[in-house]
Amino acid sequence: MQIEEQNWFYSPTVKEHFFKPKHAWVKDKSPTGYDAYGFYGSMKCGDKMEMWIKVKKDKIVDLKWKTFGCASAIASTSMLATKIKKKSGMDIKKDLQITPMDIIKRLGGLPSIKIHCSVMGDKALQSAIYDYKVKNKREDLKVEKPEEEKH
Amino acid sequence: MPYFSKAFGNPSSFHSTGLEAKKAIQKARKRIAKILNCKPEEVIFAGSGTESLNYAIKGIAFKAMLEEKRGTIITQKTEHHAVIEIMEWLKKIGFNIVMLKVNENGVVEEEELRKALEENKGTVLLVTIMYANNEIGTIQPIKKLASVAHKYGVVFHTDACQGAEYLKLNVEELSVDMMTLNGSKVYAFKGTGLLYKKKGIEIEPLIHGGGQEKGARGGTENVAGIIGIAKALEIAEKEKKKESARLEKLRDYMINKILKKIPQTILNGDKKERLPNNVNISFKGVEGESILLRLDEKGIRASTGSACSSQSLEPSHVLLAIGRTHGLAHGSIRFSLGKGTTKTQIDYTIKNLKKIVFELRQLSSAWNGGKVIDKE
């Protein structure tokens, strides 16, 4: 699902999430009372994502995120957060069920040059679950620390 | 558009329709020469600014190659990609390319050029430095730099594509040996450009062909385009002083107001030696493409040096060259003022910009309540 190369403009769904990001933390100070924290990216690449999660009975029941990033990164993470919160929350024991391609599809496509921005939220989530695993000594969880972005 | 419908002849033909076209080109050349303060035969028409740059720089390089030589070409880090890519290619085929650094305002200092000329003494074929920068608007001290090059007997070329509308184009006053201009930047047709080449400077042609432009550039002339560029330059020349003064006032108003109203912002480029239409500012802790798209929604068009809006995923080489961090390069926004820009529009822009930057900083993982995280 790629928008044509020349077409710079985003889909209406991307715009909607970009202008009204869901589950984003829009305050200066970091949120408190969350069980684990994850981050991904660097200022050098122009994308830096942070994520906080609340876990109950191995399910992510709440999350918040912040980003220094472009419209694709904002919209993708907003969409990802919506998916995670749906139903009774995402099960952290299972493999990450939401793939970046899935997110892109739900966003109505992204310009091909922007595909890499859409993995930011996904990797920050992985980092947060890994933090939860380490903090709670949950060796049974399969999640690993995400590899650093190569640039 | 008489040169599409009536005088459509080939200027190289001997019949009367061709002759009419030929005369029209001669007339345009004279008109341009008057503006540049040069001889008509020193004006060579090209298919674009980029072509003229290729012709000027490679023309010098090819001349050396014909003599089984290579040599040094000196340029600087904030040049347009067109020049940088020519340099990268010339490097590949054995030329020594020196990229001068600029100071934090984007200015090439005379001393830097003098040092490079001294270090490479006897091998330097050309110094090429842009007149004004397209991203940050910095105007280079061309006259001073050209005189440094001349002290070492080296040819000086300037890329004057940016800012031709606002800057002096008198080649004698600038003391340049070659100068590139393009049509589209002065509201003439796209796909037009020209090179001023001082008499006596010999370079090899880039395009070989039917002897047009006295063998300097083969290919049937773009008659209508040539007449268009002459007319556009005349109009620009006529309005230059007044329009520059008007825009400079608006530009400074906009810059000062943004820096005052929005905290943690930095002006990119020189405050004084700056194109009248250029405003380029970095906003700490926010990414440029996000600002740009939010502005677009309000009907405000701008551009950014952020990697996120480029095809290369690299932030602006110009902003990195003036020492901005990656974070600040990603958070830069450029506003271009023009004929239609008014103070009311600027106030409207700043009002929206302030709100947008505030909101995006609240969402940003790099803002940190104003204690900006900007580690590489």
- request: Among what's in region B:60-108 and is acidic (Asp, Glu) and either on the phi < 0 side of the Ramachandran plot or in contact with a His (Cβ under 7 Å, 6 or more places away or on another chain) (or both), pick the residue that is surrounded by the fewest Cβ atoms within 10 Å (Cβ to Cβ).
  value: B:67
- request: Read through the list (1) without any contact (Cβ under 8 Å) to a residue 40 or more places away in the chain; (2) assigned to a helix (DSSP H, G or I); (3) small (Gly, Ala, Ser), then give the number of the only condition that residue B:299 fails.
  value: (2)
- request: Being under 19 Å from residue A:77 (Cα atoms) and free of Cβ contacts under 8 Å to residues at least 24 places away in the same chain is the filter here, so list the residues in region A:121-147 that pass it.
  value: A:145, A:147
field: Residue check for residue B:27: within 17 Å of the chain's Cα centre (by Cα) and among the basic types (Lys, Arg)
entry: no
field: Flag if residue A:55 is free of Cβ contacts under 8 Å to residues at least 60 places away in the same chain and more than 10 Å from chain B (Cβ to nearest Cβ)
entry: no
Matching residues in region B:338-371 - criterion: being within 20 Å of residue A:52 (Cα to Cα) and assigned to a loop (DSSP other than H, G, I, E, B): B:364, B:365, B:366, B:367
- prompt: Among the residues of region B:188-211, is any closer than 24 Å to residue B:246 by Cα, of a type outside the set (Lys, Arg) and modelled with pLDDT under 95?
  reply: yes
statement: Matching residues in region B:4-63 (assigned by TED's automatic domain parsing to the domain that holds residue B:134 and aromatic (Phe, Trp, Tyr)) number 3
query: Does any residue of region A:81-99 turn out to be within 14 Å of chain B (Cβ to nearest Cβ) and within 24 Å of residue A:148 (Cβ to Cβ)?
result: yes
message: Return the residues of region B:320-337 that are part of a helix (DSSP H, G or I) and either crowded, with 21+ Cβ neighbours inside 10 Å or away from chain A (no Cβ under 12 Å) (or both); say none if nothing qualifies.
response: B:321, B:326, B:327, B:328, B:329, B:330
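The values are calculated or read from the model by the stated rules, or taken from the named source; none is laboratory data. Computed from a predicted model, the values in this text were never measured in an experiment. For neighbour counting, all protein chains shown are included, and Cβ atoms are generated from backbone atoms with ideal geometry for every residue, glycine included.
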